[in-house]
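Novice: Before we start, here is the structure in question, set down as structure tokens.
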Amino acid sequence: MAAFLEISDDSKGHELSLFCVPKHYEDDLDSVIIPNGLIKDRTERLARDIVRDMGGHHIVALCVLKGGYKFFADLMDFIKTLNQHSDKSVPLTVDFIRLKSYCNDQSTNCVKVIGGDELSALAGKNVLIVEDIVETGKTMETLLKLLHECHPKMVKVVSLLVKRTPRSSGYRPDYTGFEVPDKFLVGYALDYNEYFRDLSHICILSDRAREKYKV
Ligand code: IMP
Ligand code: MG
């Protein structure tokens, strides 16, 4: 299995008051579980691993919206930097897909494509799917099935987070940033009913906030 940074189940995270958090979310979060700087440092290394493995060919990076957009942007920046400073470089193009599978804090069985580029354009390409978090694995399994119908040459998946949960289908991405406890996480583009994308650190959502932002 690919290497990852493990955040243990008994990790309480860091006290909120030690970091800068928007005032409007101060009462909604239990703790900071992954500070922004650590996300960036781990992403830099993922970029290096991906270029090492896929760098022989043109890569199409497919961003899974909306939750993947921050990780996608930072990962692309690190790959660009590697390209700029190496004798060997790899052309990179980007595509976007929008999926929806979540309501409140529950993964639903129904994964829907609700927008984005035509997947048929990925035929014959080396595709890197960039996702925020894998929980049950259903979203990624559904997307991989859809993608394979379009006959790409190669598909790899990088997910910033993988949740340790008994609800997992057993699916694991090719590259993982962090393995995290079975808690609902927000920030760095991960949302709860669209809130908390405007938060830099990955934080544990409080029970109170689950009620407050419920739809
Ligand atoms: P899966 O299909 O159960 O693997 O769920 C994957 C999707 O659910 C992710 O792409 C997220 O959009 C969402 N998700 C799962 N867990 C969390 C979480 O802790 N915070 C925010 N979104 C989550
Ligand atoms: Mg997602």
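The values are calculated or read from the model by the stated rules, or taken from the named source; none is laboratory data. Quick caveat: nothing in here was measured; it's all calculated off a predicted structure. Glycine gets a Cβ as well: all are built from the backbone with ideal geometry, and neighbour counts include every protein chain shown. Only protein heavy atoms, including side chains, enter the accessible area calculation; ligands, DNA and RNA are left aside. Shrake-Rupley method; radii C 1.70, N 1.55, O 1.52, S 1.80 Å.
Novice: Would you be able to tell me the number of residues in region 107-142 that are among the β-branched types (Val, Ile, Thr), in a strand (DSSP E or B) and at pLDDT 90 or above?
Specialist: Of the residues in that region, 5 qualify.
Novice: Mind checking which residues of region 143-159 are more than 16 Å from ligand 2 (Cβ to nearest atom) and either not hydrophobic (A, V, I, L, M, F, W, C) or not in a strand (DSSP E or B) (or both)?
Specialist: If the condition is that a residue be more than 16 Å from ligand 2 (Cβ to nearest atom) and either not hydrophobic (A, V, I, L, M, F, W, C) or not in a strand (DSSP E or B) (or both), then Lys145, His148, Glu149, Cys150, His151, Pro152, Lys153, Lys156 are the ones that fit.
Novice: Just checking, does region 187-198 include any residue being open to solvent by 60 Å² or more (accessible area, probe 1.4 Å), on the phi < 0 side of the Ramachandran plot and either out of contact with any His (no Cβ under 6 Å at 6 or more places or on another chain) or part of a helix (DSSP H, G or I) (or both)? Give the steps one after another, and end with the answer.
Specialist: Initially, region 187-198 is screened for residues open to solvent by 60 Å² or more (accessible area, probe 1.4 Å), giving 194-195, 198.
Adding the requirement that they be on the phi < 0 side of the Ramachandran plot leaves 195, 198.
If we keep only those that are either out of contact with any His (no Cβ under 6 Å at 6 or more places or on another chain) or part of a helix (DSSP H, G or I) (or both) too, we end up with 195, 198.
Yes, that holds for at least one residue.
Novice: Name the pairs: first residue in region 25-41 and more than 18 Å from Lys163 (Cα to Cα), second residue acidic (Asp, Glu) and open to solvent by 10 Å² or more (accessible area, probe 1.4 Å), Cβ to Cβ under 7 Å, at least 6 apart or on different chains?
Specialist: From region 25-41, the pairs are Lys40/Asp74.
Novice: Another question, then. From Thr81, Thr93, grab the single residue that is closer than 22 Å to Ile39 by Cβ and either of a type in the set (A, V, I, L, M) or exposed (fewer than 14 other Cβ atoms within 10 Å of the Cβ) (or both).
Specialist: Thr81
Novice: For Asn104, are the conditions met, namely being crowded, with 17+ Cβ neighbours inside 10 Å, under 18 Å from Ile202 (Cα atoms) and touching a residue at least 60 places away in the same chain (Cβ under 8 Å)?
Specialist: no
Novice: Return the residue satisfying two criteria in turn: it lies in region 148-159 and is under 13 Å from Ala61 (Cα atoms) and either without any contact (Cβ under 8 Å) to a residue 24 or more places away in the chain or of a type outside the set (Lys, Arg) (or both), and of such residues it is surrounded by the most Cβ atoms within 10 Å (Cβ to Cβ). Quick ask: steps written out before the conclusion?
Specialist: Filtering region 148-159 down to residues under 13 Å from Ala61 (Cα atoms) leaves 152, 154-159.
When the remaining residues are screened for being either without any contact (Cβ under 8 Å) to a residue 24 or more places away in the chain or of a type outside the set (Lys, Arg) (or both), the result is 152, 154-155, 157-159.
Details: Pro152: 18, Met154: 13, Val155: 19, Val157: 22, Val158: 24, Ser159: 28.
So the residue we want is Ser159.
Novice: Being at pLDDT 95 or above, among the acidic types (Asp, Glu) and either open to solvent by 90 Å² or more (accessible area, probe 1.4 Å) or in contact with an Asp or Glu (Cβ under 9 Å, 6 or more places away or on another chain) (or both) is the requirement here; does Asp10 meet it?
Specialist: Considered against the rule, which asks whether it is at pLDDT 95 or above, among the acidic types (Asp, Glu) and either open to solvent by 90 Å² or more (accessible area, probe 1.4 Å) or in contact with an Asp or Glu (Cβ under 9 Å, 6 or more places away or on another chain) (or both), Asp10 comes out as no.
Novice: Right, Lys138: touching a residue at least 40 places away in the same chain (Cβ under 8 Å), within 9 Å of ligand 1 (Cβ to nearest atom), out of contact with any helix residue (DSSP H, G or I) (no Cβ under 9 Å at 6 or more places or on another chain) and open to solvent by 10 Å² or more (accessible area, probe 1.4 Å) or not?
Specialist: Criteria not met by Lys138.
Novice: Only one of these is within 15 Å of ligand 2 (Cβ to nearest atom) and out of contact with any helix residue (DSSP H, G or I) (no Cβ under 7 Å at 6 or more places or on another chain): Glu194, Glu211. Name it.
Specialist: Residue meeting the stated conditions: Glu194.
Novice: Tell me the residue from Cys20, Cys63 that is within 16 Å of ligand 2 (Cβ to nearest atom), at pLDDT 95 or above and not small (Gly, Ala, Ser), please.
Specialist: Cys63
Novice: In region 160-184, which residue that is farther than 17 Å from Ile7 by Cβ and either of a type in the set (Asp, Glu) or within 15 Å of ligand 2 (Cβ to nearest atom) (or both) is most open to solvent (accessible area, probe 1.4 Å)?
Specialist: The extreme case among them is Asp174.
Novice: Give me the residue from region 68-78 that is within 16 Å of ligand 2 (Cβ to nearest atom) and in contact with a strand residue (DSSP E or B) (Cβ under 7 Å, 6 or more places away or on another chain) and, out of that set, most open to solvent (accessible area, probe 1.4 Å). So that I can check it myself, show each step before the final result.
Specialist: Within region 68-78, the first condition is being within 16 Å of ligand 2 (Cβ to nearest atom), and the residues that meet it are 68-75.
Right, trim to in contact with a strand residue (DSSP E or B) (Cβ under 7 Å, 6 or more places away or on another chain) and you get 68-69, 71-72, 75.
Working: Gly68: 0, Tyr69: 101, Phe71: 2, Phe72: 13, Leu75: 0 Å².
Ranking the qualifying residues of region 68-78, first place goes to Tyr69.
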